[in-house]
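J.: Following this message is one structure expressed as structure tokens.
The values are calculated or read from the model by the stated rules, or taken from the named source; none is laboratory data. The structure presented is a predicted model; accordingly, all values stated were derived computationally and were not measured. Every residue, glycine as well, gets a Cβ built from its backbone with ideal geometry; the counts of neighbours run over all protein chains shown. In case anyone asks, the SASA skips ligands and DNA or RNA and just uses the protein heavy atoms, side chains included. Shrake-Rupley method; radii C 1.70, N 1.55, O 1.52, S 1.80 Å.
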Amino acid sequence: MAKSSSRYVCQDCGGLHPKWVGKCEACGAWNTLVEEVVEAAAPKGMKPGGGRRLSFVELDGKTADTPRRVTGMGEFDRVLGGGLVAGSATLIGGDPGIGKSTVLLQAVAGLSGGSRCAYVSGEEAIDQVRMRARRLGVAGATVGLAAATNVRDIVASLEAADGPDVVVIDSIQTMYVDALDSAPGTVAQVRASAQELIRVAKRRGIALLLVGHVTKEGTIAGPRVLEHMVDTVLYFEGERGHQFRILRGVKNRFGPTDEIGVFEMTERGLVEVGNPSALFLSDRQDDVSGACVFAGMEGTRPVLVEIQALVAPSPFGTPRRAVVGWDSNRLAMVTAVLEARCGVSLAGNDVFLNVAGGLRVSEPAADLAVAAALVSSLTGVPVPKGSVVFGEIGLAAEVRAVAHAETRLKEAAKLGFTKALLPASRRKGAGPAAGGMEQVAIARLPDLVELLHDPGDDTRFGRRAVSG
Ligand code: TYD
Ligand code: MG
């Protein structure tokens, strides 16, 4: 007879433990283990024979183009790679209150003209969703609305002959499979619910949109396996205090993963932002020290953002290094190169770095802009007026070429910038620069430091004699 036994599953990372412990050995989280009963079936080996021979086919063959359903929200469709794919599962994660329910309600309303859409809410009552729809001005859209949490009911509705083509499940953490004992939101339930829903979506060619909660650390709550199960993972991000929201693709089996969609949260829902650079630079002041404009790329799109630095004498023995919107390891590297190779002394100073507007920059191409902001803050000399900066910094203080220099320059010219501090070396095959920008080639980081050096004030600079 099969014997049942217990195992303990971490609710943060999905790690398995044979015994209960206070701290998950896999991810280090405290108090996250929950008991799960497993019916132990006697392990069976595979008997030889009985299999069916697979018929292998050529790599190149006729396949139908994946039809996509376009929501009409250009930014949303772009991140998806051109619209929703039938029979695909998309997971959308993000902090509470960031606008996940809002963006999905708007998306299904946009789709409702050409597809049968359904919105299943496990978090809010029908009235709440209706109220939001009215606020968004989409109450007239033909979207089937239901408040449900039992996956069996939802699957039955999706299987029906007149079932929907597109369905939103808000959120996967509230759903439960009644065959399991564990509570909704536990790893076992999240995994089982997602599995059932994805299975019926694949079978019926339904585009499934799942809302996923995120943990304190910002990853989608529950098992990481959820990210493996779905075709597309999007994160909806933004700073609470800012109006704009960024939809970022981190996994996409049907499109690119480096695209972002930019929205602004308004009184009447999310509005697409066609020109993010203009938005990110809207509060910028020209001619202040410690700030510079980085000409970045997000996917195929150039995005200009302001990088701000503040270098100030520290009252503490161990100076602070605080970063918002950039990688702190990367900052440590840039400061180390400034110290060791350029004679700029940052020791004894607190360093604060901020990407204005709440965008998160992950490109190494921002190195040079970060260095410019840091040095400018230290010397009090503003970065040349009307200029943008980009370039990657190597450990030997060389400034390396980055991709898409022309696209960056064009965007900067379009927004009224006239000058660019950029790597001296260009990628092979790069054409002549566009937009009539004045280009200041920076071969090595000390050249930039020299450029932002106040000749009248050597003391503030903290310069040490340095070779090369
Ligand atoms: P919501 O979509 O409920 O967030 P989530 O589902 O990610 O938890 O968004 C809620 C927030 O958005 C709430 O703080 C109010 C704000 N909001 C607006 O500013 N304008 C609007 O039109 C709507 C619908 C919401
Ligand atoms: Mg919600």
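J.: Let's test the formula: R0 of 60 Å, r as the Cβ-Cβ distance of Trp30 and Ala139. What FRET efficiency results, to the nearest 0.05?
T.: On the way: r = 45 Å, r/R0 = 0.75.
According to the calculation, E is roughly 0.85.
J.: Which length gain, in nm to one decimal place, applies between Ser328 and Lys414 when the Cα-Cα distance is subtracted from 0.36 nm times their residue separation?
T.: Numbers: separation 86, 0.36 × 86 = 30.96 nm, distance 3.11 nm.
Once the chain is fully extended between Ser328 and Lys414, it gains 27.9 nm.
J.: Continuing with this model, one more query. Rounded to the nearest 20 debye, what is the charge dipole size of region 54-177 about its Cα centre when +1 sits on each Lys and Arg Cβ and -1 on each Asp and Glu Cβ?
T.: Numbers: 11 positive and 14 negative charges, 75 e Å.
Rounded to the nearest 20 debye, it is 360 debye.
J.: Also, I was wondering about something else. In Å, the Kirkwood hydrodynamic radius of region 134-175 over pairs of distinct alpha carbons? Write out the running numbers ahead of the final one.
T.: Details: mean 1/r = 0.0844 Å⁻¹.
When all Cα pairs of region 134-175 are included, the Kirkwood radius is 11.9 Å.
J.: Given the chain, what whole percent of its Cα pairs are spread farther than 27 Å? Please list the in-between numbers first.
T.: Details: 68814 of 109278 pairs.
Every Cα pair in the chain considered, those over 27 Å come to 63 percent.
J.: Around Asn349, which amide H atoms from residues at least 5 apart in sequence, or from another chain, sit under 5 Å from its own amide H, with H modelled in the peptide plane?
T.: Ser314
J.: Over all distinct alpha-carbon pairs, what is the Kirkwood Rh of region 92-210 in angstrom? Don't jump to the answer; show the numbers that get you there.
T.: Details: mean 1/r = 0.0691 Å⁻¹.
One over the average 1/r among Cα pairs gives 14.5 Å for region 92-210.
J.: Counting only protein chains, not ligands or nucleic acids, how are His17, His213 ordered by accessible area (probe 1.4 Å), most first?
T.: Values: His17 10, His213 65 Å².
Reading off the accessible areas and sorting them downward yields His213, His17.
J.: A follow-up question, please. Could I have the simple spin-label model distance between Ser345 and Gln195, label points 7 Å from Cα toward Cβ, reported in nm to one decimal?
T.: Simple spin-label model gives 6.3 nm for this pair.
J.: Any chance you could check the Cα centroid distance between region 321-352 and region 24-101 for me, in angstrom?
T.: 40 Å
J.: Restricted to Cα positions, what overall size does region 245-321 have along the principal axes? Three whole-Å values, descending.
T.: 50, 29, 26
J.: Continuing with this model, one more query. For the pair Val70/Ser314, report the inter-label distance in nm, with labels modelled 7 Å from Cα in the Cβ direction.
T.: My value for the distance between the label points is 5.4 nm.
J.: Straight-line reach from Lys19: which aspartates and glutamates have a Cα under 20 Å away, not including same-chain ones fewer than 8 places off?
T.: List returned: Glu35, Glu36, Glu39, Asp181.
J.: Calculate the FRET efficiency for Val57 and Arg253 from the Cβ-Cβ distance with a Förster distance of 22 Å, rounded to the nearest 0.05.
T.: 0.65
J.: Name the aspartates and glutamates eligible as straight-distance cross-link partners of Lys410: C-alpha to C-alpha under 16 Å, and not fewer than 8 places from it in the same chain.
T.: Glu298, Glu438
J.: Next question. Can you pick out the pairs among Lys202/Lys251; Lys100/Lys202; Lys251/Lys419 whose Cα atoms lie more than 29 Å from each other?
T.: Lys251/Lys419
J.: Carbon and sulfur together cover what percent of the accessible area of the chain at a 1.4 Å probe radius?
T.: Heavy-atom surface of the chain belonging to carbon and sulfur, 1.4 Å probe: 52 percent.
J.: Also: So if each residue of separation counts as 0.36 nm, and I subtract the Cα-Cα distance between Glu267 and Val37, what length gain in nm does that give? Numbers along the way, then the final one.
T.: Values: separation 230, 0.36 × 230 = 82.80 nm, distance 4.74 nm.
Here the segment from Glu267 to Val37 would lengthen by 78.1 nm.
J.: Above 28 Å lies some portion of the pair distances; for region 15-167, what is it as a whole percent of all C-alpha pairs? Write out the running numbers ahead of the final one.
T.: On the way: 5646 of 11628 pairs.
Summing the P(r) of region 15-167 above 28 Å gives 49 percent of all pairs.
J.: I'd like the per residue volume of the convex hull spanned by the Cα atoms of region 186-307, given in cubic angstrom. If you can, show how the numbers build up before the last one.
T.: Working: hull volume 18.1 nm³, N = 122.
Taking only Cα atoms, region 186-307 has a hull volume of 148 Å³ per residue.
J.: Here's something else I'd like to know. Which of the cysteines in the chain are isolated, no other cysteine C-beta under 4.7 Å?
T.: So far as the 4.7 Å Cβ criterion goes, Cys117, Cys292, Cys342 stand without a partner in the chain.
J.: Provide the per residue accessible area, probe 1.4 Å, for region 1-111, rounded to a whole number of square angstrom.
T.: Numbers: 7120 Å² over 111 residues.
With all protein chains present, region 1-111 gives 64 Å² per residue.
J.: Calculated from DSSP H runs of 4 or more alone, at -39500 (n - 2.57) each and per residue, what is the 222 nm mean residue ellipticity of the chain, nearest 500? Kindly include the intermediate steps, with their values, before the conclusion.
T.: On the way: 11 runs with 112 residues, N = 468.
Dividing the helical sum by the residues of the chain leaves -7000 deg cm²/dmol.
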